[in-house]
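Bear in mind that the values in this text are calculations on the coordinates, not laboratory data. Here the structure is a predicted model, which is why all the values come from computation and not from measurement. For neighbour counting, all protein chains shown are included, and Cβ atoms are generated from backbone atoms with ideal geometry for every residue, glycine included.
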Amino acid sequence: MQETAVVEHHHLPIGERDVKSQGNKVLHAKKLHKKKKFLIFTLDEERYAIPLSVVKEIIGMTDITPLLHVPKYFRGLINLRGRIFSVIDLRLKLSLSGSVYQAKKTSIIIYEHDDFVVGMIVDDVIEVIGIENDQITQNVKPESIAHKEFVDGVARTDENTLIIMLDVSKMINQKEMESHQKLSNNNAA
Amino acid sequence: MENQDFLETLRKTFFEEADEILNKNEVTLLEMEDNRSYSDCLDIVFRQVHTLKGSAKSVDFRDFYELAHVMENLIADLIANTQCISKNVIDLLLKTNDVLVSMIHQLKDDTNARFQLGDIKNEIVNMQENLLHTMTSPLEVNDSSEVDTPDHVTYISEHESEIESENTNSIQQLTTMDPNTKSNPDSQREEYIRLPIRKLDSLLNTFGEQVILQSILEHCKDDLTQNADLIKKTINQLSKITYDLQHSTMALRMVSVKGLFNKVQRLVRDTSNSLNKDVKLTLNGENTEIDKSLSDELSNAITHIIRNAIDHGIETAEERIAANKSETGNIIIDAYQNNGFFFLEIKDDGRGLNKTKIIEVALKKGIVKQQQTLTAQEINNLIFKPGFTTVTNVTDYSGRGVGMDAVRNVVLEAKGSIVVESQEGLGTTFLLKLPLSMTIFNGTIVRTESERFIVPNADIREVFQFNNHQVRDMNNKQKVVIKGDKTIALYNFDEAIGRKTNKANLSTRKTALLIRKQDKDIALEVDEILGQQRIVLKKIGNEVKNLPGVAGGAILADGRVALVLNINAIAC
């Protein structure tokens, strides 16, 4: 019996603030004993997970203003209720092939890490589940991922599905951003 | 755990109280010196220190409590013997207050900080003993500077950029250290601001009006056609209210320049004392208001200008008498608002800028070439060039050559301007002009290829059209456009934002923005001007903050994001 949290609309505990708005999905989860909660989404039919604690909001695909002098996976800026967020394309970041965005499925997950609050484009958001530490095998990097440094390990659910654990701290690379800017500054000079 | 939280809350309140009290102390002590109203001022300071001492004890800041206690004792002695009060005594009180200020600064970062207070405590005790002796004898103004004593506070925050590490003079450190400036921009510390309640009430009123207009629209939506006129009218009113709301909310961030003025008073006092110059400071417009962040940024700039004025501008008493001037030098500061801008004039009646010396140094440093002819104003403006200084002796106070350049940058970053006027022998005036708000302004939306950018109207002098035959190629491949009788450097917008483009604009009639970038005019060619809009500059994340030429983002009327251009940072 898999203890999975169903997508429900409970209120999050006080420590996690959610931002409500019409037309946007905000996923909540039941507090699960001993298991850490993870948000599961898909890229190219494969399942990935990031800790729920870093997720701020999930929205559908929206207009993106592109930026110059940024890495290819950096898609641009969006307007979310008056605040501006940067958005990256997770497929491109992980060097999977880019794809056409599908209405109703393609989503943007807004997450926070350190001082960054950034959105990442994924194929589809599935659910929130609890995963225990002993379900996760570190240092097993699946073949499908070219850049193994973004992966934190692989989890195996009770139904024997594999989930790739993503390391959110590796998504935005400040040094890479800066080197792109330097390159273009040099070109411009 | 709850007790810890409670203590933290109490401590936050303590910090706010301390900031207010210590600031008031400094003002009162300076006042005391000017007006000689010893009893009243001492009473005020005594009560404040006493209150603060008690609070410090209750939030378990032991070191602070002890120093406050010692200070309280000294003041008590002084109240009983006001005839003992001399400039040295006031100096010591100011110094002790400074130490307390610096302790608060440290404690805000680390509530467990401990302090070495032996030296300052000794100084106070010594002072008390000296006073005991002079109690019955007439007051002697002790000229020997007791202020040149070794380090008292061994904790100086590493983030203070003004600390000159080779200089161990503690007064120097205490006066250059300014805990109120943003020394550590990355710290998570919360900043607070004091608000007059009337500002909040006014804001609430305006919100109330907006709610009413909102509900009118609610009713109107039942029948849009029939209510068309009322809807139009309400939308007009709403846009006025929204403008008012923006204004009122921005006004919440405004603080009066009194804070800056207090710092200046202290600075002038300390600097003129150390340099043995007699300076009279006149401050006008202390109730003028500016945005709090602007006040913080200007603080350093003003400090530098005034130090220069006292160090190099104002002559010694003898020189002044010989030049038929008043023995006391004058510094006059005027602060006022006009037309959406904040103006600050800093005037001194010293020896003025020496044009010959300026040219000499500029030649030596390669800032100008021999054959260049410069107007008087251009010569004066050379002081703003990086690395420029005519001072041969680098004093503790000025002459390091980084000052005026840095001052100018701070002003430019704030989208303002700085102008210097000077007459040799008569004096120098600096005029700073700063926009009241950096975040809300009118902007022009331009299109280049398929992207839209926003250029602040304040940067645009003119929008004009030109034909191909007005364009010339200069020797160095730089394109220029002839406009009337002027030749203006012409750039493609894409070039300006650092993007290579192979696009050729084939139309015969082209559009360009005439931009004033620092001290020269440039023309930026764009594909199309799309319109104008009131822009609210929005922060963009740390990950994109440093993109070239980008000041931030803004949301256009259609809900999409557009980048706002930072004229000072474009690539041309």
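General observations
- Using C-alpha pairs below 8 Å separated by at least 6 residues, the relative contact order for segment B:349-494 is 17 percent.
- Span-like helix ranges in chain B, DSSP H, alpha carbon extent 18 angstrom or more, Kyte mean at least -1.0: B:2-35, B:38-58, B:62-80, B:87-109, B:118-134, B:197-220, B:228-252, B:258-274, B:292-308
- Estimated 222 nm signal from helices in chain B, with DSSP H stretches of n ≥ 4 weighted -39500 (n - 2.57), rounded to 500: -14000 deg cm²/dmol
- Cross-link pairs A:56/B:233; B:232/B:415; A:37/A:104; B:433/B:483 - those with Cα-Cα distance over 31 Å: A:56/B:233; B:232/B:415
- Radius of gyration and Dmax over the Cα atoms of segment A:38-120, both given in Å: 12.4, 33
- Chain B: mean projected area of Cα convex hull, nm²: 35.3 nm²
- Contour excess over end-to-end distance, with Cα ends at residue B:51 and residue B:194 and 0.36 nm allotted per residue: 49.5 nm
- Residue mean of other protein chain beta carbons inside 10 Å, A:74-85: 5
- All C-alpha to C-alpha distances of segment B:407-554, sorted into 5 Å bins beginning at zero, yield P(r) values of 2, 8, 15, 18, 19, 14, 11, 7, 4, 2, 1, 0 percent in whole numbers.
- Peptide B:377-387 has a mean shielding of 0, counted as Cβ atoms of other protein chains within 10 Å of each residue's Cβ.
- Isotropic mean projected area of the C-alpha convex hull, segment B:248-328 (nm²): 5.6 nm²
- Nonlocal amide H pairs with residue B:330, under 5 Å, H built at 1.01 Å: B:280, B:349
- Taking only the Cα atoms of segment B:1-88, the radius of gyration and Dmax are 15.0, 52 Å.
- Shielding by partners, peptide B:532-544 (average Cβ within 10 angstrom, other chains): 5
- Whole-number percent relative contact order across chain B, with pairs defined as alpha carbons under 8 Å at least 6 apart: 7 percent
- Dimensions in Å of segment A:35-173 - Rg and Dmax from alpha carbons: 14.6, 45
- The convex hull of the Cα atoms of segment B:183-323, projected and averaged over all directions, covers 13.9 nm².
- Three-way shape label, segment B:425-480, alpha-carbon gyration tensor, a/c 1.5: oblate
- The share of C-alpha pairs in segment B:473-557 whose separation exceeds 19 Å stands at 53 percent.
- Rel. contact order, % - alpha carbon contacts under 8 angstrom, at least six apart, segment A:89-132: 37 percent
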